[in-house]
1. Go ahead and estimate [θ] at 222 nm for the chain from helices alone: -39,500 (n - 2.57) per DSSP H run with n ≥ 4, summed, over the residue count, rounded to 500.
2. Please give the peptides 104-111, 190-197, 177-184 ranked by average Cβ packing (other Cβ atoms within 10 Å per residue), highest first, as a rough proxy for protection.
3. If contacts are Cα pairs under 8 angstrom and at least 6 residues apart, what is the relative contact order of the range 24-102 in percent?
4. Among bridges DSSP assigns within the chain, what percent are antiparallel (round to 5)?
5. What's the ranking of 45-58, 11-24 by average number of surrounding C-beta atoms within 10 Å, highest first?
6. Place a +1 charge on the Cβ of each Lys and Arg in the range 20-170 and a -1 charge on the Cβ of each Asp and Glu, then give the dipole magnitude about the Cα centre in debye, rounded to the nearest 20.
7. From zero up to wherever the largest Cα-Cα distance of the range 24-102 sits, split into 5 Å bins and tell me the percent of pairs in each.
8. Mind checking the dipole of the range 102-202: about its Cα centre, +1 per Lys or Arg Cβ, -1 per Asp or Glu Cβ, Debye to the nearest 20?
Amino acid sequence: MRISEGRVKAVLFDLGGTLIKIDNSKDPQVMKRILEDCGVNLPLEDVSKEWTKSWGRLDFRELPNLLDEFWIQQNLRILRNLQVESNAENLAKFIASHWWDYAKVSLFEDAQKLLPRLKENGLKTGLVTNGLERDTKGILPKVGLQGFFDVVVVVDTLRKMKPDAKVFLYALEKMKVTPPEAIFVGDEMEADYKGAQGIGLKAFLIDREGKVKDDCVNRISSLEYLFEPDGR
């Protein structure tokens, strides 16, 4: 089932890695710039080292319980490891609340081309992301998508994350469509592809770099192929 077949009434998307490019390797540079604007000057090498060390210890299962506090605590750990003690808690909160003012994000080229076509064809659109509400409020205006989606489901919405079935079902309920009437597109096998399939959604895995070799996976190399039945 592709969009061109006419049975589809709604298209749901993941955000990061699917619609927008976020270079996480640049995160230490983002933190360094924020700290500099707050009067804290540290070598990028030190920030990168502590960022990488702290990132490796993150347990994202805590995100639904902690929400914004999850990233505040992460920032605080990094600051304390960098021996930034003065005003550390306020700095950690400032970094969390202003992150997307400094981070660079952009729409993938195929997303730029596809999204307007969905509206032109009268399709409903939804966003289902494992990001926080603060993330989407920071990102969507930067890429021209503020107010674009008919429904936006974030971790804060239900305090649950993909691949939990309730996340997908909530989005469908809000759009007043059934699983056979919608498709889901994401870039993560477990959270997106298998999660969507689990409730009967037609799922597509966006695989722009051709990393997935399993022919049983319904993969596409470009979002534009949602309108082209044989596109890979």
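1. So the helix-based figure for the chain works out to -11500 deg cm²/dmol.
2. Top to bottom by mean Cβ count within 10 Å: 190-197, 177-184, 104-111.
3. After rounding, I find 35 percent.
4. Percentage antiparallel, nearest 5: 15.
5. 11-24, 45-58
6. Result for the range 20-170 is approximately 420 debye, rounded to the nearest 20.
7. Taking all Cα pairs of the range 24-102, the binned fractions are 3, 15, 29, 30, 17, 5, 1 percent.
8. That gives a dipole near 220 debye.
Here, each number is a calculation from the coordinates, and none is a lab measurement. Keep in mind it's a predicted model, so treat the numbers as computed, not measured. Because the Cβ atoms are built from the backbone with ideal geometry, glycine has one as well, and the counts that use them run over all protein chains shown.
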